[in-house]
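Please treat every number below as a calculation from the coordinates, not as lab data. All values reported here derive from a predicted model rather than from experimental measurement. Virtual Cβ from ideal backbone geometry, glycine too; neighbours counted across all protein chains shown.
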Amino acid sequence: MALVWLAAMVQAGCTAKFIGDYDQSIDNGVSEVQQQAEVYFGKLKADPNTPYDPNFYNQINARMAALRTRAGILPQYPIIQKQIQELQGNLDRFQELDKITPRPVPIGVVTAAETAITVNVESILKLELALKRNTAPSLDEKNP
Amino acid sequence: MSIDTGALAQQMLAAALPVLKTHAIDAESFASVEFKKIADTVASIEVMLHAGQINDQQAQLLFDMQKSASRSVLLTVKGLSLLAAEEAINAALAVVRTVVNAAVKFPLIP
């Protein structure tokens, strides 16, 4: 039985591969989105009378569209693709919140939104980091 | 030379288990920190709502944002689990390579 399983693994290419590889474009792109968002959160916290800025959302949505496309073409990337959709969903919710919230914006609103978006971003970066340091070398690398 | 499947299984388990444990600790640590942030934020939304600082619509949007953040955390845990399984299988295969190849007299596991 063990031999059958081993033979199947060997035929499959010797190593198991269940998730895609690290992608620097996704890593950098998501970090850039976070930086852009942090600048906007910072402005709102420093001056709660800062008006709703549609340009911020246009820019960040353009960056997110590029990330969605990239994640869509990478092999074995459905998890990070879903995480990018979650991040987009939260940016959309924040845009709606920003539009409907009278000024001055309560700091707590900004902080609560910031936390959610930060968790979205950290979740993607945590997984990308794990993929980057993935210590699943081929058998040849382990037993040269 | 026949293969001692019991010994083989023990070796594979010994190689795979530490990998699984390391990943489990890492995933737990990550999820624990992130869920604490989300829980604190949910509490602050309730406080703002009761204080009249935000209305129901704003509270709903903020709460939906926390739900999305939670889904992202769980997706990361799922991804880390796949990585753990990947590494554990590869570690298990690596440790039995010599024994298996010697038994079958050709490099079945290259």
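Here are a few things to note about the model shown:
- Residue match in the range B:34-47 (condition: part of a helix (DSSP H, G or I), under 30 Å from B:Gly6 (Cα atoms) and of a type in the set (Val, Ile, Thr)): no
- Subset tally (residues that are acidic (Asp, Glu) and under 14 Å from the mean Cα position of the chain (by Cα)) for the range B:1-33: 2
- For the criterion of being farther than 30 Å from A:Leu97 by Cβ and either polar (S, T, N, Q) or touching a residue at least 12 places away in the same chain (Cβ under 8 Å) (or both), B:Ala24 passes.
- Condition met for B:Asn90 (closer than 30 Å to B:Gly6 by Cα and touching a Ser or Thr at 6+ places or on another chain (Cβ under 8 Å)): yes
- All positions within the range A:95-110 that are more than 7 Å from every other protein chain (Cβ to nearest Cβ) and without any contact (Cβ under 8 Å) to a residue 24 or more places away in the chain: A:Pro102
- Residue satisfying all of: in the range A:111-128; in contact (Cβ under 8 Å) with a residue 24 or more places away in the chain and within 17 Å of B:Glu87 (Cβ to Cβ); nearest to the other protein chains (Cβ to nearest Cβ) among these: A:Leu127
- Matching residues in the range B:51-110 - criterion: being of a type outside the set (D, E, K, R), more than 7 Å from every other protein chain (Cβ to nearest Cβ) and not in a helix (DSSP H, G or I): B:Ala51, B:Gly52, B:Asn55, B:Phe106, B:Pro107
- Residue-level check: of (1) under 17 Å from A:Leu125 (Cα atoms); (2) touching a His at 6+ places or on another chain (Cβ under 8 Å), B:Asp26 misses just (2).
- If the condition is being without any contact (Cβ under 8 Å) to a residue 12 or more places away in the chain and hydroxyl-bearing (Ser, Thr, Tyr), then the range B:27-63 contributes B:Ser29, B:Ser32, B:Ser44.
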